[in-house]
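This report refers to the structure that appears directly beneath it.
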Amino acid sequence: MLERFAAGMRQFSYFHTIVQIFSNKELRLENCRRILEYNDIRIVVQTTDLTLQIWGKNLYADTCSSDGLLVRGEIQSIEFLKKGALCNGKKENKTDQIRKNPKVQ
């Protein structure tokens, strides 16, 4: 029973992505895994269960540490995508390719 409780607490506390937005000038992101793309108009971040696209002007990562990521600039929009999805459609993994064409391996 204790293991079940601990697993539930881990699910709800540590591994979920936490996003804090302060006006349109600052975004704090906790539990991010890595930065996938970085430039002054778009920052793409992989979290434990999501891919976040942050769009704006003069964007920059002010702080990137084990605690999280702090993005500053003029934030215009934020997109929450399922893990592995890209802005132009779903990214196929090797399993999806094999299902469509069994000769691919």
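The values are calculated or read from the model by the stated rules, or taken from the named source; none is laboratory data. Not measured: the values here are computed from a predicted model. So basically every Cβ, Gly included, is an ideal-geometry build from the backbone, and we count neighbours across all protein chains shown.
Annotations for the structure displayed:
- Residue count for region 56-70 under the criterion of being in contact with a strand residue (DSSP E or B) (Cβ under 8 Å, 6 or more places away or on another chain) and polar (S, T, N, Q): the result is 2.
- Count - residues of region 22-48 that are within 19 Å of Lys83 (Cβ to Cβ) and either among the hydroxyl-bearing types (Ser, Thr, Tyr) or in a loop (DSSP other than H, G, I, E, B) (or both): 4
- Taking the conditions (1) hydrophobic (A, V, I, L, M, F, W, C); (2) modelled with pLDDT of 50 or more; (3) surrounded by fewer than 13 Cβ atoms within 10 Å (Cβ to Cβ) in turn, Val104 satisfies each one other than (2).
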